[in-house]
Amino acid sequence: MIQMRHITKVYEKGIQALNDINVEIDRGEVVFITGPSGAGKTTFLKLIYAEIKPTSGLLFVSGKNVSSLPSRDVPYLRRRIGVVYQDFKLLYQKTVFENVAFALRVIGLSSAEIYRRTLKVLNIVELTHKKEAFPHQLSGGEQQRVAIARAIVNDPVLILADEPTGNLDAGIAANIMDFFMEANRQGTTLVVATHDREKALKMNTHVIQLDSGRIVG
Ligand code: ADP
């Protein structure tokens, strides 16, 4: 599903966020990316959903060479990937329902189908009662659950999540992890960045430990 070959990312002013990363993630795997703040976790995810390009190296996602993907092809790649952004990236002038439904409108589904799928995922994240609310009327944890609902509504083949349970109560965080794991049992590949190494190790899955842009475990 994801192959990184000698991936290096250097930001402006020479900041080296990732240094010669070689990783293979198979379809259906669950992978946690751990490491302290600044280790390169977000950069790792951004490369996969083509928000940024590597400085050098090769990156394949679903067989596509993302390291040289023309920008016009990026939306097609993203349709198959559900991303839970660390800063949520909600549309603040739209309701909760519309924030989630939006991902389905762009692929041209019928209104009935959009309604059915949107309510299904709002139910999973326990936000059906807030469907007409606007993001600024929600708590941080509720906004995060909207972001999660939006990421999963398209039945993506790959879910990328950046600290997805960071702001959530333990009970809701456990529900969301259960949901991710259920999606994984249905075949969805899961890549989750977290600074919480203990939690990642407990999940008994593939853990990639980053420090200062290098794989250290
Ligand atoms: P993490 O997600 O593990 O906290 P990041 O991938 O966000 O790490 O950051 C890795 C390094 O790259 C850090 O030193 C960070 O300051 C730097 N960095 C991240 N984004 C940028 C950017 N847009 N411009 C310059 N430096 C950046």
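We did not get these values from a lab; they are worked out from the coordinates using the rules stated. Just so we're clear, the structure is a prediction, and the values are computed from it rather than from any experiment. Cβ: placed from backbone, ideal geometry, glycine included. Neighbour counts: every protein chain shown.
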List the number of the failed condition for A50; all other conditions in (1) within 10 Å of the ligand (Cβ to nearest atom); (2) surrounded by 15 or more Cβ atoms within 10 Å (Cβ to Cβ); (3) on the phi > 0 side of the Ramachandran plot hold.
-> (1)
Candidates A183, A170 - the one that is surrounded by 14 or more Cβ atoms within 10 Å (Cβ to Cβ) and of a type in the set (G, A, S) | A183
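Could you pull out the residue among A133, A149 that is in contact with a helix residue (DSSP H, G or I) (Cβ under 9 Å, 6 or more places away or on another chain), surrounded by 14 or more Cβ atoms within 10 Å (Cβ to Cβ), without any contact (Cβ under 8 Å) to a residue 40 or more places away in the chain and not in a strand (DSSP E or B)? Show your work before the answer.
Numbers: A149 fails: without any contact (Cβ under 8 Å) to a residue 40 or more places away in the chain.
Just one listed residue meets the conditions, A133.
Please specify each residue of region 1-15 satisfying the condition of being within 11 Å of the ligand (Cβ to nearest atom) and either among the small types (G, A, S) or surrounded by 15 or more Cβ atoms within 10 Å (Cβ to Cβ) (or both). Steps first, answer last, please.
At the first step, the residues of region 1-15 found to be within 11 Å of the ligand (Cβ to nearest atom) are 9-15.
If the condition is that a residue be within 11 Å of the ligand (Cβ to nearest atom) and either among the small types (G, A, S) or surrounded by 15 or more Cβ atoms within 10 Å (Cβ to Cβ) (or both), then K9, V10, G14 are the ones that fit.
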Scanning region 197-210 residue by residue, the ones that are surrounded by 15 or more Cβ atoms within 10 Å (Cβ to Cβ) and out of contact with any strand residue (DSSP E or B) (no Cβ under 7 Å at 6 or more places or on another chain) total 1
Failed condition for Q144, given (1) touching a residue at least 40 places away in the same chain (Cβ under 8 Å); (2) within 28 Å of S110 (Cβ to Cβ); (3) not in a strand (DSSP E or B); (4) not hydroxyl-bearing (S, T, Y), with all others met?
-> (2)
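Here's a check for you: in region 17-36, which residue that is in a strand (DSSP E or B) and not β-branched (V, I, T) is farthest from the ligand (Cβ to nearest atom)?
To start, the set of residues in region 17-36 that are in a strand (DSSP E or B) comprises 17-25, 30-34.
Narrowing the set further to residues that are not β-branched (V, I, T) leaves 17-20, 22, 24, 32.
On the way: A17: 3, L18: 8, N19: 11, D20: 15, N22: 17, E24: 20, F32: 13 Å.
Applying the filter and picking the extreme gives E24.
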Does A39 satisfy the criteria of being surrounded by 15 or more Cβ atoms within 10 Å (Cβ to Cβ), away from the ligand (no atom under 16 Å from the Cβ) and closer than 30 Å to V23 by Cβ?
-> no
Does R116 satisfy the criteria of being closer than 22 Å to I152 by Cβ, among the basic types (K, R), out of contact with any helix residue (DSSP H, G or I) (no Cβ under 8 Å at 6 or more places or on another chain) and more than 16 Å from the ligand (Cβ to nearest atom)?
-> yes
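Would you point out which residue out of A183, A173 is assigned to a helix (DSSP H, G or I), under 26 Å from F60 (Cβ atoms) and more than 16 Å from the ligand (Cβ to nearest atom)? Steps first, answer last, please.
Working: A173 fails: under 26 Å from F60 (Cβ atoms).
None of the others qualify; the one that does is A183.
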Report yes if some residue within region 187-199 is more than 16 Å from the ligand (Cβ to nearest atom), in contact with a helix residue (DSSP H, G or I) (Cβ under 8 Å, 6 or more places away or on another chain) and in a strand (DSSP E or B); otherwise report no.
-> yes
Going by the structure shown, is P135 touching a strand residue (DSSP E or B) at 6+ places or on another chain (Cβ under 8 Å) and within 24 Å of L104 (Cβ to Cβ)?
-> no
Helices (runs of 4 or more DSSP H) within region 59-125 that include 2 or more residues among the polar types (S, T, N, Q) and surrounded by fewer than 15 Cβ atoms within 10 Å (Cβ to Cβ) = 111-124
